[in-house]
Amino acid sequence: MDKRDFLRRLGTAAMAAPFVWPEMATAAEDLPPWPDPSNEEAFWARVRLDYELKPEYINLESGYYNIIPRPTLQYFLEQVRHVNYEGSYYMRTVQWENKARVAARLAAKVNCPPETLVITRNTTESLDLVIGGYPWKAGDEAVFAEQDYGAMRMHFRQVADRYGVVNKVVSLPQHPASDEEIVALYEQAITPRTRLLMVCHMVNITGQILPVRAICDMAHRHGVEVMVDGAHSVAHHPVDLTSLNCDYYGSSLHKWLATPLGAGLLYVRPDHIPKLWPLLAEHDREPGDIGRLNHTGTHPVHTDLAIDAAIDYWERLGPERKTDRLRYLQQYWTNRLRGVPRVLVNTPSDPSRHCGIGNVGIEGLDPVEMASILLEEFRIFTVGIRDAGVWGCRITPNVFTTTEELDHFVAAVESLARRR
């Protein structure tokens with residue numbers, strides 16, 4: 001199908017299909033049965049039916065927020081109604097027990113003891129709690145990368161202003177030659193005053209997966225603690241906190257686990273729990289009780305409950321199968337654009353260094369303008385990145401993305417590159 005025909009069909013569908021509220025959408029029981037799992041394309045075509053997708057554009061920006069599949073959404077709405085029905089009775093009886101149960105299930109999925117993990121609202125809350133609650137002293141040093149997420153970099157600057165902490169900032173290569181190159185980069189920034197090192201499990205703007213275990217082992221040899229930004233990792237690619245050997249780990253579950261907005265997790269190694277100050281004061285608890293770090297006041301508890309359904313859906317897809325699919329979709333478009341004149345693929349080609357997230361730019365074309373053209377002319381929604389040496393659009397397909405949509409995207413990028 002050529003571009004004009006594709007866009008004509010897309011536009012026709014947009015006009016013919018008005019927005020339908022979730023309660024009015026097709027019920028899960030009205031969908032066709034799941035196909036034989038051995039039929040790969042039929043399997044993912046059936047998965048796509050579980051999503052309400054706007055026909056006005058192709059969504060290649062799942063990295064900010066993964067929209068919820070129908071089974072999870074329906075369960076979430078049921079919990080909203082249930083909590084509303086019981087009101088204060090629910091809040092004063094079983095809310096904490098239910099949250100602890102869901103947190104324990106999450107802990108099993110990322111392989112850590114349940115007493116070391118709590119449900120938060122997002123990665124920013126999780127990691128800023130560690131940064132802001134760490135027992136800093138004047139002259140202490142922190143190490144992180146300029147490619148790390150802005151909220152955490154900003155908080156490190158805040159503790160520098162407040163406590164006299166010295167920040168050492170490194171810059172990650174987009175196409176590293178080896179794990180040793182990355183480990184050495186961080187090690188060179190460490191001094192006897194270094195207390196905490198932050199590292200991304202997966203860099204949010206390029207999709208590069210970093211050798212976290214090797215970095216943790218190196219840092220620990222120097223007596224330095226490691227905090228890992230796993231915002232994009234849980235339910236995207238394997239996360240085993242015991243194997244990673246990190247001290248702190250935060251993730252956003254409304255990304256690749258596809259929970260409702262406002263769900264995240266925080267892991268803290270047991271011996272570090274007592275020394276952190278909580279974000280908000282809690283009632284008296286033992287110093288080693290991670291619950292003392294998790295007080296946020298009254299909050300939408302139905303979001304906590306919906307994590308259960310999101311895990312159920314992830315298990316139905318198969319965690320390994322989902323990872324393989326996301327990596328396949330990313331390689332599907334990046335492999336075709338690598339080497340195209342004036343096209344810059346900012347994600348490593350080594351399969352061990354990437355999964356579903358990719359980044360691509362065009363020489364001489366501002367990434368924000370590129371994202372605007374992709375939406376207005378080609379009806380592709382993504383986001384432009386022009387920060388920390390990265391020049392391109394972040395592309396984040398999801399399990400509902402088709403190869404036909406990616407064909408259209410590749411053709412659009414090739415067309416833009418020819419115009420430069």
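Highest average first, the peptides 354-360, 263-269, 184-190 ordered by how many other beta carbon atoms sit within 10 Å of their residues are 354-360, 263-269, 184-190.
Only helices reaching 18 angstrom along their own axis (Cα) with mean Kyte-Doolittle hydropathy no lower than -0.5 count here, and for the DSSP H runs of the chain these are 3-16, 301-317, 403-419. In terms of surrounding Cβ atoms within a 10 Å radius of their Cβ, TYR75, TYR65 rank from fewest to most as TYR65, TYR75.
Taking amide H positions as modeled 1.01 Å from N, with prolines and chain starts lacking one, the residues under 5 Å from LEU197 and 5 or more places away or on another chain are VAL143, GLU225, VAL226, MET227.
Could you point to the residue in HIS155, PHE43, VAL345 farthest towards the positive end of the chain's charge dipole, with +1 and -1 charges on the Cβ of Lys/Arg and Asp/Glu respectively? About the Cα centre, the residue reaching furthest to the positive side is VAL345. Taking 0.36 nm per residue of sequence separation and removing the Cα-Cα distance, the ASP240/GLU404 pair yields an extension gain of 55.7 nm. Bridging of LYS54 to lysines at a Cα separation below 23 Å is possible for LYS3, LYS255, LYS322, once same-chain residues fewer than 8 apart are set aside. Each residue in ASP308, ASP407 was given a count of other beta-carbon atoms within 10 angstrom of its own, and listing them fewest first yields ASP407, ASP308. For LYS168, the lysines whose Cα comes closer than 18 Å to its Cα, not counting residues fewer than 8 places off in the same chain, are LYS137.
For GLU180 and ALA138 in one chain, what is 0.36 nm times their gap in residues minus the Cα-Cα distance, to one decimal in nm?
Between GLU180 and ALA138, full extension yields 12.0 nm more.
By how many nm would the segment from ARG285 to GLU376 grow when fully extended, if each residue of separation counts as 0.36 nm and the alpha-carbon distance is taken off?
27.3 nm
Spatial offset of segment 102-125 relative to segment 45-94 amounts to 20 Å, using the alpha carbon center of each. For the pair ALA411 and GLU315, label points projected 7 Å from Cα toward Cβ lie 4.2 nm apart.
So, by mean Cβ neighbours within 10 angstrom, what's the order for 389-396, 215-222 with the highest one leading?
Output ranking for 389-396, 215-222: 389-396, 215-222.
Rounded to the nearest 20 debye, the dipole size of segment 76-312 about its Cα centre is 340 debye, using +1 on the Cβ of Lys and Arg and -1 on the Cβ of Asp and Glu.
Dipole orientation for the chain: of the candidates HIS299, TYR57, VAL224, TYR57 has the Cα lying most toward the positive pole (charges on Cβ; Lys, Arg +1; Asp, Glu -1). Put a dot 7 Å past the Cα of GLU86, heading toward its Cβ, do the same for TYR328, and the two dots end up 4.1 nm apart. Sorting SER372, SER233 by the number of Cβ atoms found within 10 Å of their own Cβ, with the fewest placed first, yields SER372, SER233.
Here, each number is a calculation from the coordinates, and none is a lab measurement. Fair warning: this is a prediction, and the values are worked out from it, not measured in the lab. FYI the Cβ positions are ideal-geometry reconstructions off the backbone, even for glycines, and counts take in every protein chain you see.
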